[in-house]
1. Identify the trypsin sites (Lys or Arg not before Pro) of the stretch 206-291 meeting these criteria: DSSP loop state and at most 16 other C-beta atoms within 10 Å of the C-beta.
2. Can you compute 3J(HN,Hα) from phi for each residue in the stretch 110-122, using the Karplus curve 6.51 cos²θ - 1.76 cosθ + 1.60 with θ = phi - 60°, rounded to whole Hz and x for Gly and Pro?
3. Going highest first, how would you order 114-120, 143-149 by mean Cβ packing within 10 Å?
4. In what order do Glu52, Glu252, Glu221 fall by count of nearby beta-carbon atoms within 10 Å, going from fewest to most?
5. Using modelled backbone amide H atoms (1.01 Å from N, in-plane), which distant-in-sequence or interchain residues come within less than 5 Å of Met212's amide H?
6. Defining a contact as two alpha carbons under 8 Å apart and six or more residues distant in sequence, what relative contact order in percent does the stretch 254-340 show?
7. Kindly flag which residue pairs out of Lys63/Lys121; Lys64/Lys98; Lys64/Lys327 have an alpha-carbon separation exceeding 21 Å in this structure.
8. Given 0.36 nm per residue, what is the gain on full extension from Ser289 to Asp50 after removing their alpha carbon distance, in nm?
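Every read-out reported here was derived from the displayed coordinates using simple, explicitly stated rules and does not represent laboratory data. Remember, it's a predicted structure, so these values are computed and weren't measured experimentally. No Cβ is skipped: glycine too gets one built from the backbone with ideal geometry, and neighbour counts run over all protein chains shown.
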Amino acid sequence: MNAEDKDDVADLKASPSALAPSDEVEGASAQQADGPYTVAALYKFVALPDYEALRAPLLTMCKKHGIVGTILLAREGINGTACGTHEAISALMAHFAKDRRLADMAPKFSFASEPAFHRMKVRLKQEIVSMGQPHIDPVGAVGTYVRPEDWNALITRDDTLVIDTRNAYEVAIGTFDGAVNPETDSFRAFPAWVDGYLAALPDDKRPKNIAMFCTGGIRCEKSTAYLVGQGYENIFHLQGGILKYLETVPQEDSTWQGDCFVFDERVSVTHGLAEGDYDMCHACRMPLSAAEKNLTSYEPGVACLHCIETRSEADRQRFRERQKQIKLATARGEKHIGGD
């Protein structure tokens, strides 16, 4: 499974604490011990008719400050995840603040011990998250935001249907207690699942409330807008996504189980946004637990249980050569980015 081909969220190698732009990333000094690098997950649905012209200045600024990651620009807004030193990410927020349309973005910040990406990309897209529903306008009617501290009270109600809007490989390593897994491989498949699943519910099984969540909030902006447009009522979504919940809600009060998949080199995060224990198969980019890495199907950078049957021997030979080049680059003290 190639995440970039499956979903524009995967194109970010990430999806996405609201902090105002400042000379420093607020709170960084208190959390320096959590890692020398800041990871900023950000998005905003806003009309950007000149989005193509925004690309070059943004890319230049990021390269100047050594920022790595992926940022998507489209007519409907901006979506991205970027990683750099605390000072570099502060400079990025200051850059956005110069554009009044982007000045009030509310990034979610976490920390990493190593750069979370290999290079910087600023890409032009038709959508900042691909749902394949061009008539949807998340700037207009969307679901009701629920603060992380109020989320548990909503999703533990008997009359609330909780839906995980993420892809199956994300859900597999962590989700909220009682959440429905649509088992989709792409966000584009989500509207069809909603139409089929909710339409098939008998009248006595229809929920009073529908609560949806995703990693950073962007997919829920579109998914709740879709349901509202279809005439559904009492639609709610988790403000700031799973990332904000894990940052805000104490672990002892949490209804989250497992890790939260993120589309960067950390692979997953846990409560307090600490780096998780998952690794990634660099052949198919699926998350792997320690137990899965102990299986005979696993060969670092070459194959795992998820892709051992879908890749050809020619593919594996190519991946082995890539791994060889990575090891040689590491021995020389260089960074090999061919596997990114």
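1. Numbers: sites: Lys208, Arg219, Lys222, Lys244, Arg266, Arg285; in loops: Lys208, Arg266, Arg285.
The qualifying sites are Lys208.
2. For the stretch 110-122, the Karplus-derived couplings read 9, 10, 9, 7, 9, x, 7, 9, 9, 8, 10, 10, 10 Hz, x marking Gly and Pro.
3. Values: 114-120: 18.9, 143-149: 16.6.
Descending packing order for the listed peptides: 114-120, 143-149.
4. Values: Glu52 12, Glu252 6, Glu221 25.
Ranked by crowding around the Cβ, least crowded first: Glu252, Glu52, Glu221.
5. Close amide H contacts, sequence-distant or interchain: Ile163, Phe236, His237, Leu238.
6. Values: 95 pairs, mean separation 13.4, N = 87.
Relative contact order, the stretch 254-340: 15 percent.
7. Working: Lys63/Lys121 10 Å; Lys64/Lys98 17 Å; Lys64/Lys327 28 Å.
From the list (Lys63/Lys121; Lys64/Lys98; Lys64/Lys327), the Cα-Cα distance tops 21 Å for Lys64/Lys327.
8. Numbers: separation 239, 0.36 × 239 = 86.04 nm, distance 4.30 nm.
Contour length minus Cα-Cα distance gives 81.7 nm.
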